[in-house]
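See below for the structure under consideration.
Each value in this text was obtained by applying a stated rule to the coordinates, not by laboratory testing. None of the values given here were measured: they were computed from a predicted structure. Neighbour counts are summed over all protein chains in view; Cβ atoms, including those assigned to glycine, are modelled from backbone coordinates with ideal geometry.
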Amino acid sequence: MKEKILILVRAMPEENRKHTHNVCVAGINEKKEWRRLYPFQFIYGKKDIDFKKKDYIEAELTSPENDKRIESKKVVSHKNLHQPAEDRD
């Protein structure tokens, strides 16, 4: 399933078995449902993650095998929509 998601949080990188780092991000989809998205590969000093907080992404998602939380989704692919959210006071 594809969803448009506003990114709100990016966690600290976590080392995995292959000695690379993965990052979890969280945001809200268009139905105002919370999404915890994993994994995004992260390498210090490189721009592997092409989005920041308050950016919209479109992500192809599946249900993860080992995480039963409703909001958790495994990312198959994503693209930055280059549509930053506007700050509202």
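A compact table of results
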item: For the stretch 64-78, Karplus couplings with θ = phi - 60° (6.51, -1.76, 1.60), whole Hz, Gly/Pro x; result: x, 6, 10, 10, 8, 5, 4, 7, 7, 9, 8, 8, 8, 7, 8
item: Long-range amide H partners of L8 with built H, under 5 Å; result: A26, G27, I28, K54
item: Burial ranking of peptide ranges 29-37, 54-62 (average Cβ count within 10 Å, highest at the top); result: 54-62, 29-37
